[in-house]
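Here, each number is a calculation from the coordinates, and none is a lab measurement. Given the structure is predicted, the values throughout are model-derived calculations rather than measurements. Because the Cβ atoms are built from the backbone with ideal geometry, glycine has one as well, and the counts that use them run over all protein chains shown.
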Amino acid sequence: MKATLSNYHQSPRKVRLVANVIRGKSVAQARNALTFLPQKSSPVILKLLNSAVANARNAGADENALFVQTIGVDKGMELRRFKPMARGRAAAIRKTMSIVTLTLGTKAVTKKVSEKKVAKKKATKKSTV
């Protein structure tokens, strides 16, 4: 239930802003948040989330019980470019890329409160009889 995006052409600092928003949320909440975020990386992370959900579905997990367990953004490759400066010098420009790793976990689906009360009543009736 993992998905990885390697060498995404945006700096890790900018991608972490979006990753921090969806960390720990359910898949439905994360999709909703990513749809309305204005950042450049949100559609790409949404695609990565959908890929992780598809991997989980193939593994036999229930989509309604999934949540974003971990999401990490690390520094990837670095393109080095040079910009001409005064007096014949050159200044280095580093264009960093990101590696995004997303892991989904499953929550135990809890029963509704009313169902729990009914189960308790049945258990107490059986024990008193």
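For the range 1-108, with the dipole built from +1 on Lys and Arg beta-carbon atoms and -1 on Asp and Glu ones, taken about the Cα centre, which of 27, 54, 9 lies farthest toward the positive end?
9
Summing Lys, Arg as +1 and Asp, Glu as -1, what charge do residues with Cβ under 11 Å from the Cβ of residue 96 carry, residue 96 excluded?
+4
Using a simple charge model, +1 on the beta-carbon of Lys and Arg, -1 on the beta-carbon of Asp and Glu, nothing else, what dipole does the chain show about its Cα centre, in debye to the nearest 20?
Taking the Cα centre of the chain as origin, the dipole is about 440 debye.
Residue 39 versus residue 13, label points 7 Å from Cα toward the beta carbon: distance in nm?
Reported label-point gap for residue 39 and residue 13 is 1.3 nm.
Mind ranking 7-19, 82-94 by how tightly packed they are, going by the mean number of other C-beta atoms within 10 angstrom, highest first?
Output ranking for 7-19, 82-94: 7-19, 82-94.
Could you give me the radius of gyration and the Dmax of the chain, taking only the C-alpha atoms into account and expressing both in angstrom?
Over the chain's Cα set, Rg and Dmax evaluate to 22.9, 97 Å.
If R0 is 41 Å, what FRET efficiency do you get for residue 55 and residue 83 from their C-beta distance, rounded to 0.05?
0.50
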